[in-house]
């Protein structure tokens, strides 16, 4: 049973967070081990398992990035995240940012750091804007769902790449 099934929600990148919270709190009351102290040891173990599942499911689905990773994993598109190929055209476009990072490493300049951070922010906004319509319309039973998921996977990998660059920029900002 995946986390969406656990809550009776459709697999989606966009969920109603208020509904998710309501389901989480209902399950918390229903499965909390403290409410089953008089049950058999087997039932207590099952309630503990369900309570743990409830917490893990909520923490994953309430966070948009973790939810995206989870959907891609349950669909078999993100099995070995660190070994997934990032689209080559994107890596080519990242050459300027990587060169700017090298320059900052060799000769730090606050204005270049700011300029590089702005370019990175533009990339992030552009990627987010391009994928937003697909995330909104995605349904698990769509005939184009496999192609849509591959686009989302590429977006996810690009965002992870940009996050690593952002982390690298943060090390320069502390200088």
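Please treat every number below as a calculation from the coordinates, not as lab data. Not measured: the values here are computed from a predicted model. Note: ideal-geometry Cβ built from the backbone for every residue, glycine included; neighbour counts use all protein chains shown.
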Query raised in the report: With a Cα-only, solvent-free Debye model of region 77-118, what are the log10 I(q)/I(0) values at q = 0.25, 0.30 Å⁻¹?
Result: -0.82, -0.97
Query raised in the report: Between the helical axis of 17-31 and the dominant principal axis of the chain, each derived from Cα atoms, what acute angle in degrees is found, rounded to the nearest 10?
Result: 40
Report task. For helix 41-62, report the angle its Cα long axis makes with the longest principal axis of the Cα atoms of the chain; keep it between 0 and 90° and round to the nearest 10°. Result -> 30
Query raised in the report: Roughly what would the spin-label model give for residue 84 and residue 32, points 7 Å off Cα along C-beta, in nm?
Result: 3.7
Requested in this report: At a temperature of 10 °C and a viscosity of 1.306 mPa s, determine how fast region 95-175 diffuses translationally according to Stokes-Einstein, using the Kirkwood radius over alpha-carbon pairs as Rh; express D in µm²/s, rounded to the nearest whole number.
Outcome: 111
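Using only the alpha carbon atoms of region 3-62, find the Kirkwood hydrodynamic radius as the inverse mean reciprocal pair distance, in angstroms to one decimal.
Radius from the Kirkwood sum: 12.0 Å.
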Query raised in the report: What residues of region 1-24 lie in the reach of a label at residue 139, counting those whose backbone N is under 12 Å from a point 7 Å from the Cα along Cα→Cβ?
Result: 10-11
Query raised in the report: Taking the Cα atoms only, what angle lies between the long axis of helix 64-74 and the longest principal axis of the chain, rounded to 10 degrees?
Result: 70
Requested in this report: Take the chain, compute every pairwise Cα distance, and split them into 10 Å bins from 0; I just need the percent in each bin.
Outcome: 8, 28, 26, 20, 12, 5, 1
Query raised in the report: Which distance in nm do the two modelled labels at residue 105 and residue 171 give, with both placed 7 Å along the Cα-to-Cβ direction?
Result: 0.8
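Please report 71, 62, 11 as a ranked list, fewest other C-beta atoms within 10 angstrom at the top and most at the bottom.
On the way: 71 26, 62 14, 11 19.
Least to most surrounded, the residues fall as 62, 11, 71.
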